[in-house]
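Everything on this sheet refers to the single structure shown next.
Taken together, the values in this text are just the output of simple stated rules run on the coordinates, not laboratory data. This is a predicted model, so every value here is computed, not measured. All Cβ positions, even for glycine, are placed from backbone atoms using ideal geometry, and neighbour counts span all protein chains on display.
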């Protein structure tokens, strides 16, 4: 029986989620866009790469994006906790550089619960915290059909309150909606001959 | 009230010097004397003299550079002090004060008593001064600068009328040396020869024309303090005291239609050590219940020692914040809450580190946006969308390939990637009017490469100094 993405995404508010994989930035942008069009992005100053606001244009208005530059992860977590608890910004994205322990993860969860906001940690692979509500793996896929495509594969590999699943999705910049590409077996068209 | 040596008195008050002393000022190419003390004047020096000449006259002369801005501030503090005599105190040039003591002199035992009081206090403060009192402002000025009594105003030289130097010279050439000569002369030819300014000054000195003084209002001072009978040390107590201080401060800010941008809470301990809690706000604010919780973090970090017995709260930086009409349509809650959040985060990581993106007019990808502190900028719209841009940019990472067409296979970050689709090129030329080392290699041909492995990268080729680089990744 197919599991529908809308029961997992948009991400549950009042919880902190995790995502890793090469397409995690795109995942975070889509998550922020579907959580409410404004977000705080917490990252550490020393990180070499930078966000490009024009790249966010298909997803959400770059003017609605605030970026907090912190000196280390302790500050990042403090800022994220404060913002999650406050509830003014519907989405807080935190770039994690070292694994969170259970206490830190739990504090973020409690803060998100207090503010009713969505937290999203961009983690390096294998640095997940047990306190996270869901953990996603986002990888880009080559889309032979469309140019300028944002086709990705989203796999939910940990879920505290539900099952896991995998979907191929892409973001439609015109309609500002996420589209799920049906699995090959269910696509319209001539059915494959069995065997 | 004239202070003939105000600048040098200001310096000598803090660093007393025996013997000749002068302040020097650079005028054009030469150092000239700006102000000197009595000993230097006795040695034969005068204002405007070259410093080198003065040194040869008087080898033991001590000099310091002049600071006219500090002199102006010193005069302003003297003006505040002069407010003890009467409420109407105005500045008179760079080195004088004028007081309208009408109706105030009897409080000091008449004009003579008041002059004696001023004299005593200024002498004690070691400020050279010349006082003059008269029925008009011009008469008092003449008496302060040229001495004599009020009856003798007519006997004073014409220079006592606050005239420009060339007018004075011209009058003396005509034989009009004293004010009495002027009053005796016919007015019409004088007005024709020297313009109306001369007669205006004459009438002002004689009281035929009014000359009001413009007292300068004290700039509002946004600070409050509280002194406690017993030292306190608990955070809750300090916060309660801060709450008491905040209420009058905010009321004052409201009356002046200002909002505090930076607040400083100074806690003086019993052992006279000061501890400061600084609060920088993301937006001008004068709402006590909203400001108070923002102090909590700073107050909790203070070391109270043996207790705190004096607390002072000052709005160090204020900005105009007009009163706002309350209306049902205004949704003020959201920006206020966002500003509060920015302030709270800013107390931890610094207000400059919370940034927002602003559009900028440039084709260079790194310069197509500005990063501005969120607290000191407003969101702007009008983002250009020339072509799809990557969501992440990094410093260009070279890959091994040559030729103008994108590589069919390449290695990047220890991955072997195959090009499944290449979109481009998009040529971006460097902005030659800006110096940028990154763009020394000339124009760039940008390609969007969709790899068969999935990743969508932003590559560029520099035809003028061949090479291929990866600069960004699309969502």
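With axes computed from alpha carbons, what is the tilt in degrees of helix B:110-124 against the longest principal axis of chain B, rounded to the nearest 10 within 0 to 90? Once rounded, the angle reads 50 degrees. Note on the protein assembly as shown: percent of Cα-Cα distances in each 20 Å bin, starting at 0 and stopping at the bin with the largest distance, equals 14, 30, 25, 20, 10, 1, 0. Across chain A, Cα-Cα pairs more than 22 Å apart make up 46 percent of the total.
Using DSSP, restrict attention to beta bridges with both residues in region B:1-131 and report what percent are antiparallel, rounded to the nearest 5. Before the final figure, lay out each step's value.
Values: 12 of 16 bridges.
Taking every DSSP beta bridge within region B:1-131, about 75 percent pair in antiparallel fashion.
Taking a temperature of 20 °C and a viscosity of 1.002 mPa s, what whole-number D in µm²/s does Stokes-Einstein yield for region B:305-438 with Rh from Kirkwood over alpha carbon pairs? Don't skip to the end; give the middle numbers.
Values: Rh = 21.0 Å.
Calculated translational D: 102 µm²/s.
Mind pulling the angle between the C-alpha long axis of helix A:102-115 and the longest principal axis of chain A? Nearest 10 degrees, somewhere in 0 to 90. Result, in degrees: 80. Counting Cβ atoms of other protein chains within 10 Å of each Cβ in A:137-144 and taking the mean gives 5. Among the residues of B:387-396, the average count of other protein chain beta-carbon atoms within 10 Å of the residue beta-carbon is 6.
Tell me the mean residue ellipticity at 222 nm calculated for chain B from its helices only (DSSP H runs of n ≥ 4, each -39500 (n - 2.57), averaged over every residue, nearest 500).
Working: 13 runs with 147 residues, N = 475.
Theoretical 222 nm ellipticity from helices: -9500 deg cm²/dmol.
Only helices enter this figure: runs of n ≥ 4 DSSP H residues, each worth -39500 (n - 2.57), summed and divided by the residues of chain A, yield -7000 deg cm²/dmol at 222 nm to the nearest 500. Each Cα pair under 8 Å and six or more residues apart adds its separation to the average, and for region B:382-475 the resulting relative contact order is 33 percent.
Defining a contact as two alpha carbons under 8 Å apart and six or more residues distant in sequence, what relative contact order in percent does chain B show? Mind dumping the intermediate values first?
Working: 761 pairs, mean separation 39.2, N = 475.
Over chain B, the number comes to 8 percent.
Note that region B:260-300, at 4 °C in a medium of 1.567 mPa s, gets a Stokes-Einstein diffusion coefficient of 117 µm²/s from its Kirkwood radius over C-alpha pairs.
Multiply the residue separation of residue B:107 and residue B:135 by 0.36 nm, subtract the distance between their alpha-carbon atoms, and state the gained length in nm to one decimal. Let's see the in-between values first.
Details: separation 28, 0.36 × 28 = 10.08 nm, distance 1.81 nm.
Working it through step by step, the gained length comes to 8.3 nm.
Taking Cα atoms only, the orientation of helix A:24-35 departs from the longest principal axis of chain A by about 80 degrees.
When B:341, B:209 are arranged by Cβ crowding within 10 Å, least crowded first, meaning fewest neighbours, the order is B:209, B:341. The per residue volume of the convex hull around the alpha-carbon atoms of region B:223-343 is 96 Å³.
In terms of the ratio Rg/(2.2 N^0.38 Å) built on C-alpha atoms, what value belongs to region B:99-237?
Values: Rg = 22.8 Å, N = 139, 2.2 N^0.38 = 14.3 Å.
In units of the globular-protein estimate, region B:99-237 measures up at 1.59.
Over region B:62-150, what is the mean sequence separation of C-alpha contacts under 8 Å (at least six apart), divided by residue count, expressed as relative contact order in percent? So the answer I get is 14 percent.
To check you understand DSSP bridge types, tell me what percent of the beta bridges within region A:5-182 (both residues inside) are antiparallel, rounded to 5.
Values: 17 of 39 bridges.
That works out to approximately 45 percent antiparallel.
Counting other Cβ atoms within 10 Å as a rough exposure proxy, the listed residues B:239, B:285 run B:239, B:285 from fewest neighbours to most.
In terms of Cα atoms, the Rg and Dmax of region B:163-268 work out to 29.3, 81 Å. Maximal additional length on extending the residue B:440-residue B:244 stretch stands at 64.5 nm, based on 0.36 nm per residue less the C-alpha distance. In plain terms, the residue of A:143, B:69 with the fewest other Cβ atoms within 10 Å comes first and the most crowded comes last, giving B:69, A:143.
Between the alpha-carbon centres of region B:164-209 and region B:237-293 there is a gap of 57 Å. Other protein chain C-beta atoms within 10 Å of residue C-beta, averaged over B:443-455: 3. For the listed peptides B:120-129, B:246-255, a ranking on the average number of other beta carbons within 10 Å per residue, highest first, reads B:246-255, B:120-129.
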